[in-house]
Amino acid sequence: MSRSVPSSDEHAQPGVARAWPGALDGEAFEALFRECGADVHAYAISLLGERTAAEDVTALAFERLYRSRARLDHRRGTPRAWLFAIARNAALDELRRRRRQPRYELEDELAADRDCAEALEHVERRTAVHDALAALPPREREVVLLKFHGQLSNSELARALGISESNAGTRLHRALTRLREGCLQAERQEEIA
Amino acid sequence: MKVIPFPGGGSAGPDEAWLAELEAALNGDGEGAIADSWRELRQDVRALVPPIAPEFERELGERIAERGARAASKQPDRRLGWLRPPGRLGAAASVAAIGAVVAAVVIAGPWRAGTAGPIEAPSNQPAVSSNAGRAESSTAGRAESAHPLPQASNEAFRAAKSATAEGSASASAGAASNAPALAPAAGGAGLAPGRVQQLAASITLAATPGDVQETADRVSRLAVSDGGFVQSSHVQVQQSGTSEASLDLSLPSAKLSAALASLGQLAPVRAESQSLQDITNTYDAARQRLGDATAERQALLHALSRATTEGQIDSLHERISQNRGAIAQAQAALQTVSRHASTAQVEVTVLGDAHTGSEGLTLHRGLHDAGRVLVVTLVVLLIAAALLLPLALLAVALATARRTWRRYQRERVLDTR
């Protein structure tokens, strides 16, 4: 893929998103945006399928987090977890308002843009991943997106989804298993073709 | 196409090791093909979405930086945080709290029938009456009368009392010497110079039940020290209920004001009344009878000195003897009237019940009143809490239901396919 991934994949680096900054003041909030802005946008766009709506949700998530920064409790998760929980709610509200269901169909423009930039091998693999992801039930796909875009731990994932940690682990396991099966199926179809 | 070697597939559910392995791989801690496959999968998923638009990212970043700078410039003073206007929830809670307190005060207020307030207003029922021919008033400065008489009446009473005191003094002196000297001094400073007047007063003192006997004793000692005496007394002390003492005092009229002031210092005054009766006519009539009898005696004695016959002498002796009795009667009548003028009858009532002890400014009463204030405040708060608690529970239930409903609506988006 010629274009860099929107955010760093490196979890190990501690930042304001992972380490509780104490007070989420102006500088800490800017740092949080630099660390997580692209990830939130990626999560929103993968859930909503539209850039404009994803931008609205991203802006709304940061807006809400800023307004509620005084109520943030470090015992209940990192700023990143809070941010993705807010973004999830905002995205689901947006879907409900538009009476739409979550889908995993990126706009043609985006897909073309993506295709042109990637090597053939990557394109094939990622197409398989894309199709497998699109075939997942929305609830399971959402877990995968939160896990990979939000880079949340299982406990943070549980908090964002409002379920228990064991339930979140079960749901994640099931989603990844189905994703794997979907990828294998896509591979077989390609071989047959 | 590269086959992605997903680990852990096929099992019914995740075990701790599977989850730990996944976490370690995504955190960059895990090594090997499996960890690499997890990281590749994440990279593939993340690469599926287009990057954030630089214009939007820049614009949003600028907005956040601007907001942060604005917030930093007007950093609120934590000490004055409570001065900030409350939000909708705070405003609603404040309105509910104020309403509950007002309702509680209305419910538990001291003006409600049958409810005693923290400091009861003295239930004064002053025995001020206005009889024909009697000039009565309450003493100025004792604001115990529910129907205070006009100021002119007070002044008239004081002036008359002054004149009475002077007249009584001279009358007493005159009575001691002889009848003609009993005439009251004229030209007093009052509105009724030369008048002879009789004073009376009644005073009701409030005391705690345990203090009734002691207060009655102190009233008696006060009467004696002022030159008076106790004509009658009745003290009734009960273990429970109202204790009461009533004393009839006879005090020198000249010391009535001072005596009443001293009585008022023994215990809080619940009620006070004073009355004045003009007895000048009675006094004049008695003096006239004494003068007539004395003049008749002089005439009889003069006639006796001129009597020549035995019969005249015997007759005059008999008449002089009768005249002596008349003079004695006239002197006694004049002394009685004079005594009425020189002494004032004072009825003292000492009431002792739980409520009467709350008046006055002693430490004990202050503590008692403070306790009652605290009790009523507690009652008000309790009633307010009783009103607020259901409202708070209702608000919490509504908020929970609203949150649950919104969450249900959100989650439903994920359930419908």
Inset, instruction - Quickly rank B:337-348, B:377-388, B:249-260 as a protection proxy: mean count of other C-beta atoms within 10 Å, highest first. - result: B:337-348, B:249-260, B:377-388
Inset, instruction - May I ask you to sort B:Val376, B:Val350 by Cβ crowding, counting other Cβ atoms within 10 Å and putting the fewest first? - result: B:Val376, B:Val350
Inset, instruction - Rank-order B:268-274, A:130-136 by packing density, defined as the average count of other C-beta atoms within 10 Å over each peptide's residues, highest first. - result: B:268-274, A:130-136
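Sort A:Cys183, A:Cys36 by Cβ crowding within 10 Å, fewest neighbours at the top.
Least crowded to most crowded, the residues run A:Cys183, A:Cys36.
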Legend entry - Residue mean of other protein chain beta carbons inside 10 Å, B:397-407: 1
Inset, instruction - Just order A:57-68, B:236-247 by mean Cβ neighbour count inside 10 Å, highest at the front, would you? - result: A:57-68, B:236-247
Inset, instruction - Compute the FRET efficiency between B:Thr336 and B:Leu363 as 1/(1 + (r/R0)^6), taking r as their Cβ-Cβ distance and R0 = 41 Å, and round to the nearest 0.05. - result: 0.30
Legend entry - Cα→Cβ-extended label distance, 7 Å offset, between A:Arg76 and A:Gln185, nm: 3.9
Legend entry - Per-residue Cβ neighbour rank within 10 angstrom, fewest leading, B:Trp18, B:Trp38: B:Trp18, B:Trp38
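Grab the Cα-Cα distance for B:Glu214 and B:Thr242, subtract it from 0.36 nm times how many residues apart they are, and report the gain in nm with one decimal. Please report the intermediate quantities before stating the final value.
Details: separation 28, 0.36 × 28 = 10.08 nm, distance 1.53 nm.
That works out to 8.6 nm of additional length.
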Inset, instruction - Provide a whole-number value for the mean count of partner chain Cβ atoms within 10 Å of the Cβ atoms in peptide B:51-58. - result: 6
Inset, instruction - Can you tell me the FRET efficiency between A:Ile163 and B:Asp36 if r is taken as the Cβ-Cβ distance and R0 is 25 Å, rounded to the nearest 0.05? - result: 0.25
Inset, instruction - Can you tell me how much longer the chain between B:Ala69 and B:Asp284 gets when fully stretched, taken as 0.36 nm per residue apart minus their C-alpha distance, in nm with one decimal? - result: 67.1 nm
Inset, instruction - Would you calculate the separation in nanometres between label points at B:Arg306 and B:Ala392, each defined as 7 Å from the Cα along the Cα-to-beta-carbon direction? - result: 11.1
Legend entry - Cα centroid separation, the stretch A:27-79 to the stretch A:126-193 (Å): 22
Legend entry - Theoretical FRET efficiency, 1/(1+(r/R0)^6), r = Cβ-Cβ of B:Glu59 and B:Glu411, R0 22 Å, to 0.05: 0.10
Inset, instruction - Calculate the mean, over all residues of peptide A:147-153, of how many other protein chain Cβ atoms lie within 10 angstrom of the residue's Cβ. - result: 4
Legend entry - Approximate spin-label separation A:Arg96-B:Ala103, in nm, with each point projected 7 Å along Cα-to-Cβ: 3.2
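None of the figures in this text is laboratory data; all of them are computed from the coordinates on show. The model shown is predicted, which means the values in this text are computed figures rather than measured ones. No Cβ is skipped: glycine too gets one built from the backbone with ideal geometry, and neighbour counts run over all protein chains shown.
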